[in-house]
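For reference, the structure discussed in these notes is given below.
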Amino acid sequence: MNILNLCLVTLASFGVLFLVAKLIGHKQIAQLDFFDYITGITIGSIAAEMATELEQPWKPLIAMVIYGGITLLLSVVSNKFPRARKYLNGTPTILMDHGKLYYENLKKAKLDLSEFMVMCRQQGYFDLTSIQTAVFEYNGKLAILPVSSQRPVTPNDLDLSPEQELLFTELIMDGRVLEGNLKRMGLDMAWLNKKLKEYHVQSPKDVLLAICDRNKKFVLYSYK
(Lines give C-alpha, C1' and ligand atoms only; values in the text may rest on other atoms or scores of the structure.)
Protein backbone atom coordinates (compact mmCIF):
# COMPACT_ATOMS: atom_id res chain seq x y z
CA MET A 1 0.00 0.00 0.00
CA ASN A 2 2.88 2.36 0.80
CA ILE A 3 4.34 1.73 -2.66
CA LEU A 4 0.99 2.62 -4.24
CA ASN A 5 0.77 5.80 -2.18
CA LEU A 6 4.33 6.70 -3.14
CA CYS A 7 3.49 6.28 -6.84
CA LEU A 8 0.33 8.38 -6.54
CA VAL A 9 2.06 11.17 -4.61
CA THR A 10 4.97 11.17 -7.09
CA LEU A 11 2.58 11.48 -10.04
CA ALA A 12 0.72 14.27 -8.24
CA SER A 13 3.96 16.17 -7.55
CA PHE A 14 4.95 15.86 -11.21
CA GLY A 15 1.54 17.14 -12.33
CA VAL A 16 1.60 20.12 -9.96
CA LEU A 17 5.19 20.97 -10.94
CA PHE A 18 4.20 20.86 -14.62
CA LEU A 19 1.21 23.17 -14.04
CA VAL A 20 3.24 25.65 -11.99
CA ALA A 21 5.96 25.73 -14.68
CA LYS A 22 3.32 26.35 -17.36
CA LEU A 23 1.84 29.20 -15.32
CA ILE A 24 5.24 30.81 -14.77
CA GLY A 25 5.91 30.70 -18.52
CA HIS A 26 8.74 29.93 -20.92
CA LYS A 27 10.96 32.61 -19.41
CA GLN A 28 11.74 30.16 -16.61
CA ILE A 29 13.53 27.84 -19.06
CA ALA A 30 14.84 30.50 -21.46
CA GLN A 31 16.54 33.16 -19.39
CA LEU A 32 16.45 33.45 -15.63
CA ASP A 33 16.32 36.59 -13.60
CA PHE A 34 16.98 36.65 -9.87
CA PHE A 35 13.51 35.55 -8.75
CA ASP A 36 13.12 32.97 -11.51
CA TYR A 37 16.38 31.41 -10.39
CA ILE A 38 15.28 31.24 -6.75
CA THR A 39 11.83 29.92 -7.67
CA GLY A 40 13.20 27.26 -10.02
CA ILE A 41 15.54 25.86 -7.39
CA THR A 42 12.97 26.02 -4.57
CA ILE A 43 10.03 24.55 -6.47
CA GLY A 44 12.20 21.69 -7.73
CA SER A 45 13.32 20.93 -4.19
CA ILE A 46 9.76 21.08 -2.85
CA ALA A 47 8.51 18.82 -5.65
CA ALA A 48 11.15 16.23 -4.73
CA GLU A 49 10.07 16.43 -1.09
CA MET A 50 6.41 16.06 -2.05
CA ALA A 51 7.20 12.94 -4.08
CA THR A 52 8.48 11.18 -0.96
CA GLU A 53 6.13 12.70 1.63
CA LEU A 54 3.43 10.10 2.27
CA GLU A 55 2.05 11.34 5.58
CA GLN A 56 1.20 14.98 4.75
CA PRO A 57 1.83 15.63 1.04
CA TRP A 58 -0.45 18.67 1.12
CA LYS A 59 2.20 20.70 2.96
CA PRO A 60 4.80 20.75 0.14
CA LEU A 61 1.88 21.11 -2.31
CA ILE A 62 0.81 24.35 -0.62
CA ALA A 63 4.43 25.54 -0.60
CA MET A 64 4.71 24.93 -4.37
CA VAL A 65 1.52 26.85 -5.05
CA ILE A 66 2.68 29.76 -2.86
CA TYR A 67 6.06 30.01 -4.61
CA GLY A 68 4.38 29.86 -8.01
CA GLY A 69 1.89 32.54 -6.92
CA ILE A 70 4.67 34.82 -5.65
CA THR A 71 6.48 34.54 -8.99
CA LEU A 72 3.32 35.39 -10.91
CA LEU A 73 2.62 38.32 -8.58
CA LEU A 74 6.13 39.73 -9.04
CA SER A 75 5.74 39.38 -12.80
CA VAL A 76 2.49 41.36 -12.71
CA VAL A 77 4.04 44.03 -10.48
CA SER A 78 7.05 44.45 -12.78
CA ASN A 79 4.73 44.79 -15.82
CA LYS A 80 2.32 47.22 -14.18
CA PHE A 81 4.94 49.33 -12.39
CA PRO A 82 8.08 49.83 -14.53
CA ARG A 83 9.90 51.62 -11.70
CA ALA A 84 9.70 48.44 -9.63
CA ARG A 85 11.69 46.48 -12.23
CA LYS A 86 15.04 47.90 -11.18
CA TYR A 87 14.40 46.74 -7.60
CA LEU A 88 13.06 43.31 -8.58
CA ASN A 89 15.28 42.47 -11.55
CA GLY A 90 18.18 44.88 -11.22
CA THR A 91 19.52 47.25 -13.86
CA PRO A 92 22.02 46.89 -16.74
CA THR A 93 25.61 47.82 -15.90
CA ILE A 94 28.03 49.41 -18.38
CA LEU A 95 31.32 47.54 -18.12
CA MET A 96 33.14 49.16 -21.02
CA ASP A 97 32.52 52.30 -23.09
CA HIS A 98 34.64 54.24 -25.60
CA GLY A 99 37.63 52.01 -24.96
CA LYS A 100 37.50 52.43 -21.18
CA LEU A 101 36.95 49.56 -18.73
CA TYR A 102 34.99 50.46 -15.60
CA TYR A 103 36.60 48.50 -12.80
CA GLU A 104 34.04 49.60 -10.21
CA ASN A 105 31.20 48.38 -12.41
CA LEU A 106 32.97 45.04 -12.88
CA LYS A 107 33.07 44.67 -9.11
CA LYS A 108 29.40 45.70 -8.89
CA ALA A 109 28.51 43.00 -11.42
CA LYS A 110 30.70 40.54 -9.47
CA LEU A 111 32.81 39.80 -12.54
CA ASP A 112 36.57 39.61 -12.74
CA LEU A 113 38.55 40.50 -15.86
CA SER A 114 38.99 36.86 -16.85
CA GLU A 115 35.24 36.24 -16.82
CA PHE A 116 34.65 39.42 -18.80
CA MET A 117 37.21 38.36 -21.41
CA VAL A 118 35.61 34.92 -21.71
CA MET A 119 32.17 36.46 -22.29
CA CYS A 120 33.62 38.73 -24.97
CA ARG A 121 35.32 35.82 -26.74
CA GLN A 122 32.12 33.78 -26.61
CA GLN A 123 30.52 36.48 -28.76
CA GLY A 124 33.46 36.55 -31.16
CA TYR A 125 35.27 39.60 -29.78
CA PHE A 126 38.89 38.59 -29.22
CA ASP A 127 40.12 42.19 -29.63
CA LEU A 128 38.72 44.60 -27.03
CA THR A 129 39.52 47.57 -29.25
CA SER A 130 36.70 46.42 -31.58
CA ILE A 131 34.16 46.97 -28.76
CA GLN A 132 32.45 50.33 -28.44
CA THR A 133 30.21 49.50 -25.47
CA ALA A 134 29.73 46.38 -23.34
CA VAL A 135 26.66 46.17 -21.09
CA PHE A 136 26.08 43.48 -18.47
CA GLU A 137 22.32 42.86 -18.52
CA TYR A 138 20.30 42.00 -15.44
CA ASN A 139 19.76 38.43 -16.74
CA GLY A 140 23.50 37.75 -16.66
CA LYS A 141 24.11 38.14 -20.42
CA LEU A 142 26.72 40.46 -21.93
CA ALA A 143 25.47 42.76 -24.71
CA ILE A 144 28.12 44.25 -26.98
CA LEU A 145 27.95 47.20 -29.39
CA PRO A 146 30.89 46.94 -31.81
CA VAL A 147 32.90 49.87 -33.09
CA SER A 148 31.21 51.15 -36.26
CA SER A 149 34.17 50.21 -38.45
CA GLN A 150 34.02 46.63 -37.10
CA ARG A 151 30.31 45.90 -37.48
CA PRO A 152 29.04 43.74 -40.36
CA VAL A 153 28.07 45.47 -43.59
CA THR A 154 24.30 45.78 -44.10
CA PRO A 155 22.34 46.10 -47.36
CA ASN A 156 21.60 49.73 -46.45
CA ASP A 157 25.32 50.46 -46.43
CA LEU A 158 25.46 49.28 -50.05
CA ASP A 159 22.20 51.02 -51.07
CA LEU A 160 20.57 47.65 -51.69
CA SER A 161 16.93 46.71 -51.11
CA PRO A 162 16.77 42.93 -50.78
CA GLU A 163 13.41 41.20 -50.83
CA GLN A 164 12.00 40.57 -47.36
CA GLU A 165 12.46 36.97 -46.25
CA LEU A 166 9.39 35.18 -44.95
CA LEU A 167 8.86 32.30 -42.56
CA PHE A 168 8.73 28.84 -44.07
CA THR A 169 6.00 26.31 -43.27
CA GLU A 170 6.57 22.56 -43.28
CA LEU A 171 4.42 20.78 -45.86
CA ILE A 172 6.05 17.34 -45.74
CA MET A 173 8.00 15.86 -42.86
CA ASP A 174 9.43 12.34 -42.76
CA GLY A 175 7.42 11.31 -45.80
CA ARG A 176 4.11 12.51 -44.35
CA VAL A 177 2.06 15.35 -45.85
CA LEU A 178 0.97 17.92 -43.24
CA GLU A 179 -2.47 18.60 -44.66
CA GLY A 180 -3.31 21.21 -42.02
CA ASN A 181 -0.29 23.33 -42.97
CA LEU A 182 -1.05 22.83 -46.66
CA LYS A 183 -4.58 24.14 -46.16
CA ARG A 184 -3.43 27.13 -44.07
CA MET A 185 -1.09 28.13 -46.89
CA GLY A 186 -4.03 28.09 -49.32
CA LEU A 187 -2.56 25.16 -51.23
CA ASP A 188 -3.83 21.73 -52.20
CA MET A 189 -2.51 18.30 -53.13
CA ALA A 190 -2.62 19.08 -56.85
CA TRP A 191 -0.19 21.98 -56.33
CA LEU A 192 2.03 19.86 -54.10
CA ASN A 193 2.13 16.95 -56.55
CA LYS A 194 3.10 19.36 -59.31
CA LYS A 195 6.00 20.61 -57.21
CA LEU A 196 7.11 17.08 -56.47
CA LYS A 197 7.23 16.30 -60.18
CA GLU A 198 9.45 19.34 -60.72
CA TYR A 199 11.93 17.71 -58.33
CA HIS A 200 11.45 14.33 -60.04
CA VAL A 201 9.97 12.87 -56.86
CA GLN A 202 7.31 10.19 -57.28
CA SER A 203 5.71 10.24 -53.85
CA PRO A 204 5.71 12.28 -50.61
CA LYS A 205 7.06 9.15 -48.93
CA ASP A 206 10.38 9.85 -50.70
CA VAL A 207 10.61 13.31 -49.11
CA LEU A 208 12.49 13.98 -45.88
CA LEU A 209 11.38 17.61 -45.64
CA ALA A 210 9.48 20.04 -47.88
CA ILE A 211 8.87 23.66 -46.88
CA CYS A 212 7.20 26.67 -48.48
CA ASP A 213 6.76 30.38 -47.70
CA ARG A 214 3.93 32.80 -48.47
CA ASN A 215 5.57 33.71 -51.78
CA LYS A 216 5.24 30.04 -52.79
CA LYS A 217 9.00 29.53 -52.58
CA PHE A 218 9.26 25.76 -52.35
CA VAL A 219 12.29 23.87 -51.00
CA LEU A 220 12.56 20.08 -50.89
CA TYR A 221 15.00 17.67 -49.26
CA SER A 222 14.69 14.04 -50.28
CA TYR A 223 15.96 10.99 -48.42
CA LYS A 224 18.43 10.42 -51.25
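This table checks each residue for (1) out of contact with any Asp or Glu (no Cβ under 7 Å at 6 or more places or on another chain); (2) open to solvent by 40 Å² or more (accessible area, probe 1.4 Å); (3) of a type outside the set (A, V, I, L, M); (4) assigned to a loop (DSSP other than H, G, I, E, B).
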| residue | (1), (2), (3), (4) |
| --- | --- |
| Ser161 | yes, yes, yes, yes |
| Glu170 | yes, yes, yes, no |
| Asn181 | no, no, yes, no |
| Asn193 | yes, yes, yes, no |
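Of the candidates Val219, Val201, the single residue that is open to solvent by less than 60 Å² (accessible area, probe 1.4 Å), out of contact with any Lys or Arg (no Cβ under 8 Å at 6 or more places or on another chain) and assigned to a loop (DSSP other than H, G, I, E, B) is Val201.
Mind listing just one residue for me: the one in region 204-216 that is in contact with a Leu (Cβ under 9 Å, 6 or more places away or on another chain) and in a helix (DSSP H, G or I) and, of those, most open to solvent (accessible area, probe 1.4 Å)? Selected residue: Asp206. Looking across region 197-224, just one residue is of a type in the set (A, V, I, L, M) and more than 35 Å from the chain's Cα centre (by Cα), and that is Val201. For region 144-159, the set of residues classified as in contact with a strand residue (DSSP E or B) (Cβ under 9 Å, 6 or more places away or on another chain) and either within 21 Å of Ile94 (Cβ to Cβ) or not in a loop (DSSP other than H, G, I, E, B) (or both) consists of Ile144, Leu145, Pro146, Val147, Ser148, Gln150, Arg151, listed by residue number. Determine, yes or no, whether Gln132 is in contact (Cβ under 8 Å) with a residue 24 or more places away in the chain, touching a helix residue (DSSP H, G or I) at 6+ places or on another chain (Cβ under 8 Å) and closer than 30 Å to Gly99 by Cα. So Gln132 fits the description; yes. Set side by side, the residues Phe116, Phe126 differ, and just one is under 30 Å from Lys100 (Cβ atoms) and assigned to a helix (DSSP H, G or I), which is Phe116. State whether one or more residues within region 205-218 are more than 30 Å from Arg121 (Cα to Cα), at pLDDT below 90 and of a type in the set (A, V, I, L, M, F, W, C). No: zero hits. Checked against (1) in a strand (DSSP E or B); (2) loosely packed, with under 12 Cβ neighbours inside 10 Å, Thr133 passes all but condition (2).
With the requirement that a residue be modelled with pLDDT of 90 or more, in contact with a Leu (Cβ under 9 Å, 6 or more places away or on another chain) and open to solvent by 30 Å² or more (accessible area, probe 1.4 Å), what does region 136-149 give you? Hit for region 136-149 is Phe136, nothing else. Any residue that is touching a Leu at 6+ places or on another chain (Cβ under 8 Å) and under 28 Å from Gly44 (Cβ atoms) - is there at least one of those in region 88-103? Within region 88-103, one or more residues are touching a Leu at 6+ places or on another chain (Cβ under 8 Å) and under 28 Å from Gly44 (Cβ atoms).
Among the residues of region 65-98, the ones that are surrounded by 11 or more Cβ atoms within 10 Å (Cβ to Cβ), modelled with pLDDT of 85 or more and out of contact with any helix residue (DSSP H, G or I) (no Cβ under 7 Å at 6 or more places or on another chain) come to 3 in all.
Pairs meeting the criteria (first residue in region 151-177 and hydroxyl-bearing (Ser, Thr, Tyr), second residue in a helix (DSSP H, G or I) and surrounded by 10 or more Cβ atoms within 10 Å (Cβ to Cβ), beta carbons under 9 Å, at least 6 apart or on different chains) are Thr169/Asn181; Thr169/Leu182; Thr169/Arg184.
The values are calculated or read from the model by the stated rules, or taken from the named source; none is laboratory data. Source: prediction; values computed, not measured. Reconstructed Cβ throughout: ideal geometry from the backbone, glycine too, with neighbour counts over all protein chains shown. Accessible surface is based on the protein model in full, side chains and every heavy atom, while ligands, DNA and RNA are left aside. Shrake-Rupley method; radii C 1.70, N 1.55, O 1.52, S 1.80 Å.
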